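Heads up: the structure comes next, in structure tokens.
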Amino acid sequence: MTDFQTLRGMVDILPSETERWQRIETLARNHFSLAGIDEIRTPLLEGTELFKRGIGEGTDVVGKEMYCFVDRGDRSCTLRPEGTASVVRSVIQNGLLSQGPQRLWYGGPMFRYERPQAGRQRQFHQLGVEFFGLSSARSDAELISVAWDFLKDIGLNGLTLQLNSLGTLEDRIHYRIKLVSFLEEFTELLDENSKKQLIKNPLRILDSKNNDVQKLLDKAPTIGDSLSKESKERFCQLQQILKRLEIPFVINQKLVRGLDYYCQTAFEITSDQLGAQATVCGGGRYDDLVEQLGGPPTPSIGFAIGMERLIILLSEKTFDSNIPNVYLVNKGKEAELEALFLARNLRAANIKVELDNSGSSFGKQFKRANKSKASWAIVIGDEEIINGEIKIKSLDKLSNKKDELVFNMSDMQNIIQFVKPFDH
RNA sequence: GCGGGCGUCGCCAAGUGGUUAAGGCAGCGGCUUGUGGCGCCGCUAUUCGGGGGUUCGAAUCCCCUCGCUCGCCCCA
């Protein structure tokens with residue numbers, strides 16, 4: 001074994017995979033940009049208190065999953081476990097909210113000290129969008145549509161949009177009372193974990209994976225029944241807009257989500273191909289968070305997408321990464337220099353060139369040229385130097401081995417024209 | 001944090017107590033000193049994730065540890 005390896009739950013993204021990442025990133029950038037959403041970048045490190053206040057002291061994320069340390073100035077610092085709190089902080093600190101509604105996206109690594117498993121790492125990557133200062137059901141639908149269209153566009157199938165409304169804070173308090181009084185009659189049917197949650201955060205019993213608990217919950221009061229008239233109307237409205245947009249969804253009254261700040265709309269996009277960690281995208285409305293963190297009252301909604309989970313779903317599709325147009329076969333002192341010169345010229349003309357620096361025999365170099373899948377081999381050796389020329393051969397499987405074209409070395413324009421891939 | 005499975009070359013693996021740890025892919029070199037896709041030949045793990053123990057003898061058995069993986073918890 002090697003002396004050094006990545007820390008547990010930390011993963012290298014290797015050259016064979018970066019193409020996939022870049023595709024997703026590019027596509028995301030396009031989607032967001034078309035929707036008038038601008039990028040924001042915030043530090044990976046924030047004061048610990050931001051996350052405690054923002055995400056909620058009672059949550060698992062804050063309670064046991066944060067990477068914290070004390071710096072040389074005795075400040076408690078934390079690697080961000082999610083993006084929303086940082087973005088909210090930034091938007092307040094920089095006064096962006098006084099410039100009208102903000103539509104922002106962010107991306108990058110997040111850190112959570114959890115036990116790794118399929119689709120879960122300690123350093124993972126999220127892509128998120130936040131809308132600030134927009135309160136209508138229409139803005140909820142727009143945000144959801146951005147996520148949905150993006151995921152569809154990368155070619156994912158088997159996705160389900162799950163939708164719920166958590167109502168206002170008062171709605172939830174009412175529901176909480178009803179739910180607790182129902183469950184208290186059946187505590188003996190609850191598992192260990194649910195018993196604890198009953199005291200700490202009873203709503204979270206709703207998404208328990210325990211079958212017996214779920215059976216019991218089928219008879220429990222639903223959150224929908226506890227919603228105020230306004231909340232109900234709002235939720236109805238959202239559903240109607242989504243129908244009009246032809247975005248299919250499923251109502252899941254047990255969808256609560258783990259972070260404290262959600263209210264009204266909560267949603268998740270799940271995949272049937274991911275095992276236990278099925279959520280590809282999760283989000284919801286958080287109308288009180290900005291104020292809670294010291295900003296002006298600002299209705300807000302956002303979502304986050306787990307990049308690694310997208311990568312898993314995309315992993316059957318293979319991408320040919322970085323195939324050169326030209327493989328430059330060269331041998332001999334002067335020829336090697338000339339080849340480097342030529343490579344720069346071709347690259348300047350936007351042609352991908354792989355330059356063989358091995359100095360090995362022409363036979364060997366051609367073998368590698370083939371393997372590189374390049375379309376063309378350009379040959380420069382002592383012979384060519386003497387005649388002031390270069391030779392170009394097609395590496396296409398069907399082409400005749402013997403065919404080669406001779407170009408004058410100084411005839412750069414023609415060489416470039418010849419070797420240039422067709423624009424599509 | 002709790003449970004199950006696993007860990008032999010860069011990758012995929014055979015080997016389950018007994019002389020030098022199969023094989024395939026990839027890599028490198030040669031057959032072929034200046035010309036590719038095929039083929040053939042050679043080279044590439046003193047060592048089986050790491051450490052300790054049992055044994056005349058361990059990749060194979062035991063203990064500890066690290067990592068991966070699947071599930072719980074939780075979440076993207």
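For the pair A:Gln93 and A:Glu246, how long in nm is the line joining their label points, each one 7 Å along Cα→Cβ?
Output for this residue pair reads 4.4 nm.
Given a 10 angstrom Cα cut-off, can you work out which residue in A:Thr48, A:Thr270, A:Thr18 is the most mobile in a GNM of chain A?
Comparing A:Thr48, A:Thr270, A:Thr18 in the GNM, the peak value goes to A:Thr18.
Can you compute 3J(HN,Hα) from phi for each residue in the stretch A:100-112, using the Karplus curve 6.51 cos²θ - 1.76 cosθ + 1.60 with θ = phi - 60°, rounded to whole Hz and x for Gly and Pro?
Taking θ as phi minus 60°, the curve returns x, x, 10, 10, 10, 10, 9, x, x, x, 10, 10, 9 Hz for the stretch A:100-112.
In chain A, what % of DSSP beta bridges are antiparallel (nearest 5)?
Here the share of antiparallel DSSP bridges comes out near 80 percent.
Which whole-Hz couplings ³J(HN,Hα) result when phi for each residue of the stretch A:198-209 is put into the Karplus expression 6.51 cos²θ - 1.76 cosθ + 1.60, θ = phi - 60°, listed in order with x for Gly and Pro?
Result, ordered by residue: 4, 8, 6, 7, x, 4, 6, 5, 4, 9, 4, 8 Hz.
Give the residue list of GluC sites (Glu not before Pro) in the stretch A:4-83 that are DSSP loop and have at most 12 other beta-carbon atoms within 10 angstrom.
Passing sites in the stretch A:4-83 are A:Glu57.
So the label point goes 7 Å from the Cα of A:Asp149 along Cα→C-beta, right? Which residues of the stretch A:216-245 then have their backbone N under 13 Å from it?
Only A:245 pass the distance filter.
Too long at a 26 Å Cα-Cα cut-off: which of A:Lys331/A:Lys393; A:Lys196/A:Lys254; A:Lys200/A:Lys254; A:Lys178/A:Lys243; A:Lys195/A:Lys215; A:Lys64/A:Lys196?
Pairs exceeding the cut-off: A:Lys178/A:Lys243.
Under 12 Å from a label point 7 Å along Cα→Cβ of A:Lys64: give me every residue in the stretch A:157-198 with its amide N that close.
Backbone N within reach: A:193.
Going by Cα centres, the stretch A:359-380 and the stretch A:127-142 are how many Å apart?
One Cα centre to the other: 54 Å.
On the protein heavy atoms, probe 1.4 angstrom, tell me the percent of accessible surface of the stretch A:326-419 carried by carbon and sulfur.
It is 51 percent, rounded to a whole number.
Go through A:Ala304, A:Tyr262, A:Gln239 and say which Cα lies farthest out towards the positive end of the charge dipole of the stretch A:214-305; charges sit on Cβ, +1 for Lys and Arg, -1 for Asp and Glu.
A:Gln239
Please compute, over every Cα-Cα pair in the stretch A:292-363, the percentage with a separation greater than 14 angstrom.
Every Cα pair in the stretch A:292-363 considered, those over 14 Å come to 74 percent.
With a 1.4 Å probe and every protein chain left in place, tell me how much accessible area A:Ser165 has, in Å² to the nearest 10.
0 Å²
Please give the net charge around A:Lys232, taking every other residue with its beta carbon less than 12 angstrom from that of A:Lys232, where Lys and Arg add +1 and Asp and Glu add -1.
-2
Quote to one decimal, in nm, the extra length available between A:Ser361 and A:Gln417 on full extension: 0.36 nm per residue of separation minus the C-alpha distance between them.
Length gained, A:Ser361 through A:Gln417: 17.3 nm.
Between beta-carbons, use under 15 Å as the cut-off and find the net charge around A:Ser394, counting Lys and Arg +1, Asp and Glu -1.
+4
Where both partners of a DSSP beta bridge lie in the stretch A:326-419, what percent of those bridges are antiparallel, to the nearest 5?
In the stretch A:326-419, DSSP labels about 50 percent of beta bridges as antiparallel.
With no solvent and one point on each alpha carbon, what is the Debye value of log10 I(q)/I(0) for the stretch A:326-419 at q = 0.20, 0.22 Å⁻¹?
-0.94, -1.16
Might you report the magnitude of the Cβ-based charge dipole of chain A about its Cα centre, with Lys and Arg at +1 and Asp and Glu at -1, to the nearest 20 debye?
Magnitude of the dipole: close to 400 debye.
Which value in nm describes the separation of the simple spin-label points at A:Asn30 and A:Asn210, placed 7 Å from the Cα toward the beta carbon?
With each label placed 7 Å out from Cα toward Cβ, I get 4.8 nm.
Can you list the residues, at least 5 places off or on another chain, whose amide H is less than 5 Å from the amide H of A:Arg120, using H built in the peptide plane?
Sorted by chain and number, the residues that satisfy this come to none at all.
For chain A, how big is Rg over Rh, using alpha carbon atoms and the Kirkwood form of Rh?
That ratio is 1.12, to two decimals.
Students often forget the sequence filter, so: which aspartates and glutamates lie under 18 Å Cα-Cα from A:Lys397 once same-chain residues fewer than 8 apart are removed?
A:Asp320
For chain A, what is the mean residue ellipticity at 222 nm derived from helices alone (per DSSP H run of n ≥ 4: -39500 (n - 2.57); sum divided by total residues; nearest 500 deg cm²/dmol)?
-11500 deg cm²/dmol
The values are calculated or read from the model by the stated rules, or taken from the named source; none is laboratory data. Predicted model, so just to flag it, every value in this text is computed and none were measured. No Cβ is skipped: glycine too gets one built from the backbone with ideal geometry, and neighbour counts run over all protein chains shown. With ligands, DNA and RNA removed, areas are computed over all heavy atoms of the protein, side chains included. Shrake-Rupley method; radii C 1.70, N 1.55, O 1.52, S 1.80 Å.
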